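Only one structure is covered here, and it is reproduced in the block below.
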Amino acid sequence: MNDPAKLTKLGESLIAKFNEFGDVRDLEESLLRFQQAVDLTPDDHSDKPGRLNNLGYSLETRFMIFGDVKDIDKAVLTNQQALDLIPDGHSNEPGRLSNLGGSLAVRFNRLGNMKDLHEAVLKLQQAVDLTSDDHSNKPIMLNNLGNSLEAQFNSSGDVKYLNDAVLRLKQAVNLTPDGDLNKPARLCNLGVSLKTRFDRLGDVKDLNEAVSKIQEAVNSTPDGHPDKPIWLCNLGPTLWARYNRLGDVKDLTESISTNQKAVDLIPDRHPDKSGMLSNLGNSLVVRFDKFGDVNDLNEGVSKKQQAVDLTPDAHPDKPGMLSNLGFSLVTRFKRLGDVKDLNEAASKKQQAVDLMPDGHPNKPRILMNLGDVFLNQYKCSQPNSDINKALDQFSAAAHSLVGDVSVKFEATSIWAQEAQNIGDSSTLDAYATGVSLIPELAWPGSLVEDRHFQIRKVHPFISDASIFAIQIAECVTAVEWLEQGCSIIWSQLLQLRSPFDNLKDKYPIQGLELEGLSSKLTVQSQSTATISEDHKLKPLQLVANDLHKTAEQRQSLINEIRKLPGFEQFLLPKQLPELSAAAIRGPIIILVANDKQADALVLVPGLNDDVLHVPLPNMHNDRLRSLYSRIKMLAEGFLHNRDVVDDHSHRLHIRHKEHQDPDVKEEEFRSILLKLWIEIVKPIVDGLALKLPVIPQTCHLTRIWWCSTGSFSFLPLHAVGDYSSDAPFGSKLTDYAISSYIPSVTALLQAQNSFPNELSKLKILVVAQPSAQGQIFLPGTEKEVKDIQQYARDSTSVKTLRGSDATIEKVTKEMKQHDWAHFACHGAQNIQEPLESALLLAGHSRLTINDIIAMQLPPKGLAFLSACQTATGDENLATEAVHLAAGMLSAGYRSVIGTMWSISDSYAPQVANDVYGFLLKDGKNDITCTAEALHYAVKNLQENHKVPFDKWVPFIHVGI
C-alpha cells in the first residue's frame, strides 16, 4: 500500500484499537503505518504536519510502555518537525506546540534534563497564550501546563512554580463546563496540587480546598465510572493529612470510609486494587495508634496482607507492600507480645529486600526496616537472633549510592548508636558514614528553610560522633567532624557557593554538567513513584538503573574535576591543617556536649597537626540546659526591645517579673557566671596556660574565639568569672583575654581571607530608627548618630538614614555602597521562623536574615547591630547560629557587634560611643580591633557606670 492517506486511516484505527484493548501488536502496527505515511508525504504537503503528529503520538505511547529512550527522542524530534512545517499564526500552531511541550515533559520525567522541562513549560505556555478561552482545547492545554509547572516545582523547590501550577489548574477547572467528562479529572489534579502546596507551605486553606476539589470530583462521578476509585484513592490520604494537621477524628473516620469505598468499587482484577487495600490498611493502623482498638490493628494487618496477596512478585509495589505489612506486624507485636508477629515481620521484610533490586531509591528504607526487625528480635532474645544481622542492614542502607538521603542518615544514626552500645568495631565507620552524608542531607539546591528542617537531626548525631572520637583519642577527627556538622548552612553559603562559581569561571563545561547531574540525581532520588504519565508502571530495575547511572556519572565527574589544577580538594571537607590556619591570631575553642559528657577542643596558634583537649567533667547537656534556662529567665525578665529608662532609672512597660528584687537578680547572675567560670572556662584558661598582664587594664590581652555548639551556644562565656567584691585580679576571663564568637572555623577563615577594596575614604552607613511601627520610642538612637558623626574625620564619611527614610529599599542600597553599617533600632527574634528574625525599619518594613543572606555583598568591614536579640539563636537550631549577627558575617561583613538578649536604650549609646572612639581614633579604622574596642567599652560600662549584669553582658563580638 503506497497511499499515505489510506495508511494514515489504517494507523488511526489501529491506535484506537490499542487504546481500547491494550494489544501491543496493534500499537506496533500503527507505528509502522504512520511511519510509512510520513515517508510517502513530501514536506510541502499540507497533511505532512498532521501525519508527523500521529507518528509522534504513537512513539510517545510506545515509550510509555517499554521505556526505550530512542522512542521519546524520536517523538520529540517528530513533533518539532510537525511544528516547523507550519507557518506562524497557523490555526494548528497551538496544538502542535502543546504536543511538543507534552513530549518534552515526558522526556524530562524519564531523564531529568532540566532543559527539557524548561522548554516544555515554554511551549505549553505559548500554546495557552495562542488559544482563546472559548476554544475547546484551552482547558487541556492549561491542565498540561499546570502539571509541568508542578514538575518544575518538584525539581527546583521554588514555590513560585507551584503557585503558578495551582493557578493554571484552577483556570483549567473554571473553563471546563459542568457535565464535561474531563471535569472530575481536572478537579482531582487541582486538589492534588493544592495538597502539595499545603505540604510545602502548611496553609490549611490549601488543604481544605484540596479536600473540597477532590470531593467534588468524587461527587460528580457515578459509582460505576472506572475513575471513581482513583478519585477516592486521592481523597483518602488528603483527609488523613487534614486529620493529622487539625486532629478532627471525623477526617480520620472519613478517610477510612473513603479508602474502604475505593476498595469496594474497584474490580478485584484491577491492577490498582492492591494499592487501595494498602491505603485502607494504613488508615486503620493510624486509627489504632489514636484509639488503641486492637480490632483496627488486626483489620489493618489483614488489609495489608490482602494487598500483598493480590500483588505479583514482579509488580514494582510489591516490596513496599511487604515492608509496610512487616511494619504493622511489628506494631502488633509491640502491643500484644506475640513473637509470631515479630518473626513473620522479619520474613515479610526479608522478602521485600530480596525483591527490591540494588540501586532502587526505596532500597535503603526497605533495608533499614529489616534491620529494625532484626534489632527487635535481638532485644527480645529470640533464638538465632544476631545483632550483627541488624547492623549489616543498617550499614547497607547507609552505604546505598542512591535513595532518600534522610533515610540513609536515619539508618546510619541507628547503626552508630547500636554499634556503640555493644562496643562493635564498626562504630567509627558508622559515624564517619553519617558525617559524609551531611552535605547531601542539606543539599545547597534546596531552600534554606528546607535545609534547616533537614539538619535538625544532624546536631545530636554530630555531637555523639565527636564525643565518641574524643573517647577513642581521635581529637583531630572530632574537630573535622564538628566543622562539617555545625553551622552547616552558613558554611555552605560562605564556602560551597564559591567552589561552584570558581569551577564555572575556570571550567564552565564541567561546572554546568555538574549542576545538571546534581539536579537530576536529586529529582530521581526523591521520587518514589514508578508510574509514568499515562499511569503505566515502570519496571523497578529500569528505575534503579536510571538512578545508579546518574549517581555514577556525577561521582565520576567530581573525580575528574579533582584532577584539574587548583581543584584537588573540590567538595572535600577541610582537614585540620587548613582549619588550624584560622588560629593565627589566637586560640579557637570548640565546645561540644552530649547527654553524657562535654569537652573543649582548642586550635592553638602554631600547632597545625594536633588539638588541645580539655575535658569538662561536670558538664553535659542537661547541666548546660539548666544553666541556660536560668539565664533565659533572668534575660526574659527584661524587655524584648531596647529598654527605655527615665531619669530615675525606672523601666517603662515593665513585665511582671521586674517586680523581683534587683539585688536577688544580681546575685543570681553572679552565681551563674561563677559556675560557668569554674566548670567550663577556667579549665580552658589553665589548659592554655594564659598569662595575666603584669599591670591590670593594660592592652594586648590574648584574643580567643569561641565556637560553641549545641547548648553551649546560648551561654555568655565571654563574661564569666567571679564578680564577688573580694575576688582578686585573675578571677574573670576578661582579666586574661578578649573574646569573640564564630559560627564555624570556616566563617573565620573566610573573614580572614576576604579583603575589601582599598579605600581612600571610609564610608559608614548609620540607620537610626527610633520609632518602628508598634514599638516604644528609642530616644538614645539619635545620640548614637551624633557620637559617630563626632568621631568621623576627613578620611571618613557618614550617611544617615533616619525614621521614615530608613526603608528596606534605601537601607539595602546604601549597605552596598558603604563599608561599615551601624543599626540603632529595634530588633526582633522570630521563634517560629528564625530566618524572619529582623531589624525593624521604617513603618512595617523589616530587614530579615533572609534579606541579608540574599544580598551577597562584596567583602565589608564592621556591622554594629545596636538592637535587641541580634545574636540570639534558635533553640531548635542551636548549632546553626541562626541569628542576625551570623547573617551579617555571611553577607560579607567581617566583624559584627550584636546582642544576646535585650539591651537598654540608655546604655547602648555609651557602648557605641566608646567603640567608635576606639576604632576611629587617629583615623586607623582597623576592624581587627573591634573586639578589643567592645571589650573596653563594656568594661567601662560595667566598672565605671556600675550597671547591672543584664545591661552589659549581652554585647558580643562575632568575626575577625
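The values are calculated or read from the model by the stated rules, or taken from the named source; none is laboratory data. Treat the numbers as computed from the prediction; the structure is a model and nothing was measured. Glycine gets a Cβ as well: all are built from the backbone with ideal geometry, and neighbour counts include every protein chain shown.
Where helices (runs of 4 or more DSSP H) sit wholly within segment 908-957, those with at least 1 residues that are buried (at least 16 other Cβ atoms within 10 Å of the Cβ) and of a type in the set (Gly, Ala, Ser) occupy 908-919, 930-943.
For segment 455-484, the tally of residues that are modelled with pLDDT of 95 or more and among the charged types (D, E, K, R) stands at 3. If only residues of segment 588-618 that are among the polar types (S, T, N, Q) and touching a His at 6+ places or on another chain (Cβ under 9 Å) are counted, the one that is surrounded by the most Cβ atoms within 10 Å (Cβ to Cβ) is Asn594. Checking each residue of segment 41-56 against the condition of being over 27 Å from Thr131 (Cα atoms) and either free of Cβ contacts under 8 Å to residues at least 12 places away in the same chain or exposed (fewer than 14 other Cβ atoms within 10 Å of the Cβ) (or both) gives at least one match.
What residue, among those in segment 718-777 that are of a type in the set (D, E, K, R) and under 23 Å from Asp926 (Cβ atoms), is modelled with the highest pLDDT? Can you show your working first?
Of segment 718-777, the ones of a type in the set (D, E, K, R) are 722, 726, 732, 735, 758, 761, 763.
With under 23 Å from Asp926 (Cβ atoms) added as a condition, the list becomes 758, 761, 763.
Working: Glu758: 64, Lys761: 85, Lys763: 95.
Among residues in segment 718-777 that are of a type in the set (D, E, K, R) and under 23 Å from Asp926 (Cβ atoms), the one modelled with the highest pLDDT is Lys763.
Restricting attention to segment 218-259 and to residues that are of a type in the set (Phe, Trp, Tyr) and surrounded by fewer than 23 Cβ atoms within 10 Å (Cβ to Cβ), the residue that is modelled with the highest pLDDT turns out to be Tyr243.
Of Leu277, Leu246, which residue is touching a residue at least 40 places away in the same chain (Cβ under 8 Å) and among the hydrophobic types (A, V, I, L, M, F, W, C)?
Details: Leu277 fails: touching a residue at least 40 places away in the same chain (Cβ under 8 Å).
Selected residue: Leu246, the only one of Leu277, Leu246 that is touching a residue at least 40 places away in the same chain (Cβ under 8 Å) and among the hydrophobic types (A, V, I, L, M, F, W, C).
Mind checking which pairs have a first residue in segment 599-625 that is without any contact (Cβ under 8 Å) to a residue 40 or more places away in the chain and a second that is among the basic types (Lys, Arg), Cβ under 8 Å, 6 or more apart or different chains? Final answer for the pair search is Pro605/Arg585; His620/Lys596.
In the set Ser797, Ser804, which member is surrounded by fewer than 18 Cβ atoms within 10 Å (Cβ to Cβ), out of contact with any Gly (no Cβ under 9 Å at 6 or more places or on another chain) and hydroxyl-bearing (Ser, Thr, Tyr)?
Values: Ser804 fails: out of contact with any Gly (no Cβ under 9 Å at 6 or more places or on another chain).
Just one listed residue meets the conditions, Ser797.
Results for (1) assigned to a loop (DSSP other than H, G, I, E, B); (2) buried (at least 22 other Cβ atoms within 10 Å of the Cβ), shown as yes or no for each residue.
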residue: Lys261; (1), (2): no, no
residue: Pro267; (1), (2): yes, no
residue: Asn298; (1), (2): no, no
residue: Leu322; (1), (2): no, yes
residue: Lys348; (1), (2): no, yes
residue: Ala352; (1), (2): no, yes
residue: Gly359; (1), (2): yes, no
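Annotation: Asn147 fulfils all but one of (1) without any contact (Cβ under 8 Å) to a residue 40 or more places away in the chain; (2) assigned to a helix (DSSP H, G or I); the unmet one is (1). Within segment 129-146, the residues that satisfy the criterion of being in contact with a helix residue (DSSP H, G or I) (Cβ under 9 Å, 6 or more places away or on another chain) and surrounded by fewer than 22 Cβ atoms within 10 Å (Cβ to Cβ) are Asp129, Leu130, Thr131, Ser132, Asp133, Asp134, His135, Asn137, Lys138, Ile140.
A count restricted to segment 849-862 and to residues that are without any contact (Cβ under 8 Å) to a residue 60 or more places away in the chain, over 18 Å from the mean Cα position of the chain (by Cα) and over 21 Å from His957 (Cβ atoms) stands at 2.
Of all residues in segment 440-451, none are surrounded by 19 or more Cβ atoms within 10 Å (Cβ to Cβ), modelled with pLDDT of 95 or more and not assigned by TED's automatic domain parsing to the domain that holds Asp851. For segment 590-611, the set of residues classified as over 18 Å from Ala465 (Cα atoms) and assigned to a strand (DSSP E or B) consists of Leu603 only. Within segment 29-75, the set of residues being among the charged types (D, E, K, R) and either in a loop (DSSP other than H, G, I, E, B) or within 39 Å of the chain's Cα centre (by Cα) (or both) comprises Asp43, Asp44, Asp47, Glu60, Arg62, Asp68, Lys70, Asp71, Asp73, Lys74.
Residues in segment 900-916 that are closer than 18 Å to Phe949 by Cβ, of a type in the set (S, T, N, Q) and at pLDDT 90 or above: Gln910 alone.
Residues that are modelled with pLDDT of 95 or more and charged (D, E, K, R) do occur in segment 169-184, at least one of them. Counting only residues that are under 17 Å from His844 (Cβ atoms) and not basic (Lys, Arg), segment 779-822 holds 10 of them.
When you go through Ile704, Ile684 one by one, which is the residue that is of a type in the set (Val, Ile, Thr) and surrounded by fewer than 24 Cβ atoms within 10 Å (Cβ to Cβ)? Please lay out each step first, then the result.
Working: Ile704 fails: surrounded by fewer than 24 Cβ atoms within 10 Å (Cβ to Cβ).
Only one candidate qualifies: Ile684.
For Ile558, the requirement of being outside any strand (DSSP E or B), touching a residue at least 24 places away in the same chain (Cβ under 8 Å) and among the aliphatic types (A, V, I, L, M) is met. Could you check, for segment 642-658, whether at least one of its residues is assigned by TED's automatic domain parsing to the domain that holds Ala727, touching a strand residue (DSSP E or B) at 6+ places or on another chain (Cβ under 8 Å) and either assigned to a helix (DSSP H, G or I) or at pLDDT 90 or above (or both)? The answer is yes; a qualifying residue exists. Annotation note: Cβ proximity below 8 Å between a residue of segment 468-480 that is more than 16 Å from Pro577 (Cβ to Cβ) and a residue that is polar (S, T, N, Q) and crowded, with 21+ Cβ neighbours inside 10 Å (sequence gap 6+ or interchain) occurs for Phe468/Thr427; Ala469/Thr477. Among the residues of segment 807-856, the one identified as farther than 21 Å from Ser895 by Cβ, part of a loop (DSSP other than H, G, I, E, B) and charged (D, E, K, R) is Glu833. The single condition among (1) surrounded by 22 or more Cβ atoms within 10 Å (Cβ to Cβ); (2) hydroxyl-bearing (Ser, Thr, Tyr); (3) within 20 Å of Leu370 (Cα to Cα) that Ser283 does not meet is (3). A residue that is in contact with a strand residue (DSSP E or B) (Cβ under 7 Å, 6 or more places away or on another chain), closer than 27 Å to Ser902 by Cβ and without any contact (Cβ under 8 Å) to a residue 24 or more places away in the chain occurs nowhere in segment 792-808.
Of all the numbered requirements in (1) of a type outside the set (A, V, I, L, M); (2) crowded, with 19+ Cβ neighbours inside 10 Å; (3) more than 27 Å from Gly89 (Cβ to Cβ); (4) out of contact with any Leu (no Cβ under 6 Å at 6 or more places or on another chain), Phe153 misses one, and that requirement is (4).
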